[in-house]
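See below for the structure under consideration.
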Amino acid sequence: MTSTTPTAATSGTARPHRATASVAAILAESAARYPDDVAVIVGDQRTTYAELWAETLAYAGALRAEGVAEGSRVAMLVPNVADFPRVYYATLALGAVVVPVHALLKRREIDYLLRDSGATLLVCAAPLLAEGAAGAELAGVDVVTVLAPAESSEHHRLESLAETTEPLDIYVPRDPFDTATILYTSGTTGQPKGAEGSHFSLLEQANTNLMSTFDMHRGDVLLGALPLFHTFGQTCTMNTGFRAGATIVMLPKFDGDTALAAMVEHGCGIFMGVPTMYMALLDAATRSDARPALRYAISGGASLPMAVLERFQTVFDAPIHEGYGLTETSPVATFNHVGRPPHPGTIGTPIWGVDVEIADPETPDAIVLLPRGEIGELVIRGHNLMNGYLDRPEDTAEAIVDGWFRTGDLGTKDDEGYLTIVDRTKDMIIRNGYNVYPRQVEEVLAAHPDVAMAAVFGVPHELHGQEIEAAVVLRAEATVTADELVHHVADQIAAYKYPRVVHVVDALPLGPSGKVLKRTLVEQFSAQPEAASAS
């Protein structure tokens, strides 16, 4: 579906002779090509592509009546339900910019994102209004709701507005490099930064994923368990899934038992998740004999322990293909591509049109590439790079050097071009002057039959600089002790690498995207007495 309307550039000047693009075309085109195919399943509610696009155009008309125009920034605080794509593509169809907000943020964090992004409106799901509306009030931003009861009158309901306003007839074309989304990084150091994704980079990502990266086709059923406010779920599940004409089974809130049941009920053939989701599914499989007919699984967001990968492939009889990316790279940069046997333990090779190399991390103001096999910082260049960090030219210049994005991740590249992540630069532990990469230690812990999840981190130490500690979640019938786990690891790796302390916990702290928050573990255990140690 195309439009002949002249392009309005960001400045408002007409550019009739320039190429145009819109991420909204993903849904518009699939609605035209596959109108009766089911796009979204939430519980027992099924929505076809034609229905979803018509509802999106109605939402766009309602947002236009609320003052949203080309270049406006619209924040959205919506869980994994059909209203997420409706609001997302409605905003983009108006030529506006989407600012997804993490569903677990509190009011002051929401206030910061709204102010920093320059959002003029927050679309907030009713169940999230307690923090969302409070954050919007602090920022002085208007709120409209979705999923609110019909009698609710405190805020305008987008559903009601859509019934009384003229729907948009077609999406507004944009300059390909206009900003489409502002996604905020996790802010592990300092305040979160808004990464600006262009229409071009997001469209090229979906097309590249389908052409040569993923094994995904029209009619495939995907589990939409990854949060859609995060780049992994938003681009790889939603945008790529809709571009293919697949059906997405959305879970408003992830847990292993619910996810397993949904995959079985709806016949999901593809699962995408972060490592903690794979661990949760394996745990759920101990309580149910039902198995989905999975054809394909995709893992990203963090390194998947080999023991978990092997266990999942045995229990669910589906190959796992690992990849790698970041918010700033739209996100996929490397993958174990379709058509090639995956290399377990690696993040694959660069996707089409993207270069990924290993650079010297000690040279911040220039890119000095290292020979194959050496450990260094992964650097990326290609069509998938963000426009930059919103209103942060210095941070952008520090992150993108000589056209390469510096990831902050340490890894290696072998002679076949396969990349392996060693660890985050900031997660690396230096004990007595020796570099210790937590991932290697976590692999040993994860291989223990009584361990469900493990995280290794460094805490300050007066003598050694840093000391190595671990937090583990045990399986339900586990009998191993913390002291036995210390000795288990000490028997398998060098003396300077094993954790001197193991903490047995009920759960690991997770961020909104499912990653383990190691900084929280460092804060929690830095001042605590030892739980177990080995001599």
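Scanning segment 196-242 for residues that are over 17 Å from ILE351 (Cα atoms), surrounded by fewer than 24 Cβ atoms within 10 Å (Cβ to Cβ) and among the aliphatic types (A, V, I, L, M) yields one hit, VAL221. Beta carbons closer than 8 Å, at least 6 apart along the sequence or on distinct chains, pair a first residue in segment 460-471 that is more than 11 Å from TYR496 (Cα to Cα) with a second that is among the aromatic types (Phe, Trp, Tyr) and open to solvent by less than 40 Å² (accessible area, probe 1.4 Å) for GLU469/PHE457; GLU469/PHE525; ALA470/PHE457; ALA471/PHE457; ALA471/PHE525. Could you list all residues from segment 347-387 that are closer than 14 Å to LEU326 by Cβ and small (Gly, Ala, Ser)? The one that is closer than 14 Å to LEU326 by Cβ and small (Gly, Ala, Ser): GLY382. With respect to ASP283, determine if the residue is crowded, with 18+ Cβ neighbours inside 10 Å and of a type in the set (Asp, Glu). Judged against the criteria, ASP283 is a match.
Please find, within segment 453-464, the residue that is farthest from the chain's Cα centre (by Cα) out of those that are aliphatic (A, V, I, L, M) and open to solvent by less than 10 Å² (accessible area, probe 1.4 Å).
From segment 453-464, those aliphatic (A, V, I, L, M) are 453-456, 459, 463; that's our starting set.
Those left that are additionally open to solvent by less than 10 Å² (accessible area, probe 1.4 Å): 455-456, 459.
Details: ALA455: 20, VAL456: 22, VAL459: 28 Å.
The qualifying residue farthest from the chain's Cα centre (by Cα) is VAL459.
In segment 177-242, counting only strands (runs of 3 or more DSSP E) that sit wholly within it, the ones holding 2 or more residues that are more than 21 Å from LEU260 (Cβ to Cβ) and touching a residue at least 40 places away in the same chain (Cβ under 8 Å) span 179-184, 194-198. Within segment 480-524, restricting attention to residues that are among the acidic types (Asp, Glu) and within 30 Å of LEU105 (Cβ to Cβ), which residue is surrounded by the fewest Cβ atoms within 10 Å (Cβ to Cβ)? Across segment 480-524, the extreme among qualifying residues is ASP506. Checked against the criterion of being more than 30 Å from THR231 (Cβ to Cβ), touching a His at 6+ places or on another chain (Cβ under 7 Å) and either at pLDDT below 95 or surrounded by fewer than 15 Cβ atoms within 10 Å (Cβ to Cβ) (or both), the candidates GLU467, GLU477 yield just one match: GLU467. When segment 74-112 is filtered for residues that are without any contact (Cβ under 8 Å) to a residue 60 or more places away in the chain, surrounded by fewer than 24 Cβ atoms within 10 Å (Cβ to Cβ) and not in a helix (DSSP H, G or I), only LYS106 remains.
Please verify whether segment 99-121 includes one or more residues that are among the charged types (D, E, K, R), modelled with pLDDT of 95 or more, under 24 Å from LYS193 (Cβ atoms) and in contact with a Pro (Cβ under 9 Å, 6 or more places away or on another chain). Yes. Checking each residue in segment 270-318 for being within 14 Å of ALA225 (Cβ to Cβ) and not hydrophobic (A, V, I, L, M, F, W, C) picks out GLY273, PRO275, THR276, TYR278, PRO292, SER299, GLY300, GLY301. Scanning segment 25-73 for residues that are of a type in the set (Ser, Thr, Tyr) and either in contact (Cβ under 8 Å) with a residue 60 or more places away in the chain or in contact with a Phe, Trp or Tyr (Cβ under 8 Å, 6 or more places away or on another chain) (or both) turns up SER30, TYR34, TYR49, THR56, TYR59.
So, of the residues in segment 131-172 that are assigned to a helix (DSSP H, G or I) and of a type in the set (Asp, Glu), which turns out to be surrounded by the fewest Cβ atoms within 10 Å (Cβ to Cβ)? Out of the qualifying residues, it is GLU163. Looking only at residues of segment 336-366 that are of a type in the set (Val, Ile, Thr) and outside any loop (DSSP other than H, G, I, E, B), we find that the one that is nearest to MET306 (Cα to Cα) is THR349. Considering every residue within segment 243-254, establish whether at least one is open to solvent by 10 Å² or more (accessible area, probe 1.4 Å), more than 30 Å from LEU390 (Cα to Cα) and assigned to a loop (DSSP other than H, G, I, E, B). Checking segment 243-254: at least one residue is open to solvent by 10 Å² or more (accessible area, probe 1.4 Å), more than 30 Å from LEU390 (Cα to Cα) and assigned to a loop (DSSP other than H, G, I, E, B).
The values are calculated or read from the model by the stated rules, or taken from the named source; none is laboratory data. Note that this is a predicted model, so its numbers are computed, not measured. Glycine gets a Cβ as well: all are built from the backbone with ideal geometry, and neighbour counts include every protein chain shown. Ligands, DNA and RNA are stripped out before the accessible areas are found, and what is left, the full protein with its side chains, is counted by its heavy atoms. Shrake-Rupley method; radii C 1.70, N 1.55, O 1.52, S 1.80 Å.
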